[in-house]
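The values are calculated or read from the model by the stated rules, or taken from the named source; none is laboratory data. Quantities reported herein were computed from a predicted structural model and do not represent experimental measurements. Note that we place each Cβ from the backbone using ideal geometry, even for glycine, and neighbour counts take in every protein chain shown. Heavy atoms of the whole protein, side chains included, go into the accessibility calculation; ligands, DNA and RNA do not. Shrake-Rupley method; radii C 1.70, N 1.55, O 1.52, S 1.80 Å.
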Amino acid sequence: MKKLVTIVVIAFILSACSSKRNSVTDSRVHDYELYEPKVEHKKHHNTDVAKRLEKEAREWLGTKYKYGGESRKGTDCSGMVMVVFETVTGIKLPRDSHSQQQYCKQIDKKDLAPGDLVFFITSNNGGRVNHVGLYIGNGDFIHSSTSKGVIISNLNQDYYKRHFHSAGRVPGIF
């Protein structure tokens, strides 16, 4: 019974964290009842996590590209993203970019916010995502390029416009 009560309490707390609270404008509201005014929420509720993700990813800038790598001695795109997220949030993402894309909650490109992931199809591989980067704002993202290693690129560059597939938000932190 104690376990059930704990689960119900946790479920209530988690659902309360993600809900939007609007002001009550019903005429039945009495003066003594407390309610919150309507507040427009930002796309991300935890900008601290997004800042820490960006800071950690920037530490990787200049790291050489290494297929299958996941360290600052050499990394591929999904290896870097996986390690950055685990280091900052404790969340271990799947190892490859396609699985990371499947793991994320898909969002519209126009809703991108720092800390989200951007996914690309850069080769003719049957339409499967094969590249990922960490979005840091203003169209910029940090990723590991096969030719230049870990760099910052912009979604408005022709190459990334052509190969953009989707955007995703990692569940549990935003």
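What order do you get for 63-69, 98-104 when each peptide is scored by the mean count of other beta carbon atoms within 10 Å, highest first?
Averaged packing, sorted descending, gives the order 98-104, 63-69.
Hey, any idea what % of the range 106-174's accessible area is carbon plus sulfur with a 1.4 Å probe? Intermediate values should be presented prior to the final figure.
Details: 1360 of 3210 Å².
On the range 106-174, the fraction of accessible area on carbon and sulfur atoms equals 43 percent.
Under the convention that each Lys and Arg Cβ holds +1 and each Asp and Glu Cβ holds -1, the size of the dipole of the range 55-125 around its Cα centre is about 180 debye.
In this simple spin-label approximation, Ser71 and Asn154 carry label points 7 Å from Cα along the Cα→Cβ vector, and these lie 3.6 nm apart.
Remark: spin-label model distance Ser166-Lys109 equals 1.5 nm, labels positioned 7 Å along the Cα→Cβ axis. Applying a threshold of 25 Å to the alpha-carbon distances of Lys51/Lys92; Lys55/Lys92; Lys73/Lys148; Lys64/Lys109; Lys51/Lys109; Lys55/Lys109 flags Lys64/Lys109 as lying beyond it.
Ordering Asn130, Pro114, Val170 by the projection of their Cα atoms onto the charge dipole of the range 33-174, which places +1 on the Cβ of Lys and Arg and -1 on the Cβ of Asp and Glu, puts Asn130 at the extreme positive end.
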